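The values are calculated or read from the model by the stated rules, or taken from the named source; none is laboratory data. Here the structure is a predicted model, which means the values were calculated and not measured. With ideal geometry, Cβ positions are generated from the backbone for all residues, glycine too; neighbour counts draw on all protein chains shown.
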Amino acid sequence: MRAAEAKIGETAIPGTGDYYAIAVHDLRPPFRRNLANQLKGVAFLKRDKKKDLKPARVVVLPRANGLVTLVYLFPRSVEITRKDRGLIFVAQVGRLFISVTFLPEDMRMDGEPQL
């Protein structure tokens, strides 16, 4: 995530060390009040044979061109291990549905594996 932030000129998000973070870049936001809270309610991290993990919070970072970066923060108190196969991040932003499958070994921070 840090590498992606640096590429697009974003600064680090304070407190992300306590969370697993998934960033979605360059989206046109729906114009709604309390957008971060609404986004938090329609996103989850699906884990095989385990309860879905809901984000603790969503950070909306505005960009100069009218687009936003959305950072979904999931609590590290719920451990993700190499045994968790095929994680699926699911979210909805307005009419846009996002679904991305990835493996725990793909999780990185500053280019370093997190597991």
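Some notes on this structure:
- Here residue 64 fulfils each of the conditions (1) of a type in the set (Gly, Ala, Ser); (2) in a loop (DSSP other than H, G, I, E, B); (3) surrounded by 11 or more Cβ atoms within 10 Å (Cβ to Cβ) apart from (3).
- Number of positions in the range 91-108 that are closer than 17 Å to residue 81 by Cβ and among the hydrophobic types (A, V, I, L, M, F, W, C): 3
- Selection of the range 67-100 for residues being small (Gly, Ala, Ser) and either surrounded by fewer than 14 Cβ atoms within 10 Å (Cβ to Cβ) or not in a strand (DSSP E or B) (or both) yields 77, 86, 94, 99.
- For the range 72-89, a residue qualifies if it is within 14 Å of residue 55 (Cβ to Cβ) and touching a Pro at 6+ places or on another chain (Cβ under 9 Å), and the qualifying residues are 72, 73, 74, 75, 80, 87.
- Whenever a residue of the range 21-35 is under 14 Å from residue 98 (Cα atoms), its partners that are of a type in the set (Phe, Trp, Tyr), lying with C-beta atoms within less than 8 angstrom and at least six residues away or across chains, give the pairs 22/72; 22/74; 22/89; 23/72; 24/72.
- Within the range 48-61, restricting attention to residues that are part of a loop (DSSP other than H, G, I, E, B) and touching a Phe, Trp or Tyr at 6+ places or on another chain (Cβ under 6 Å), the residue that is modelled with the lowest pLDDT is 52.
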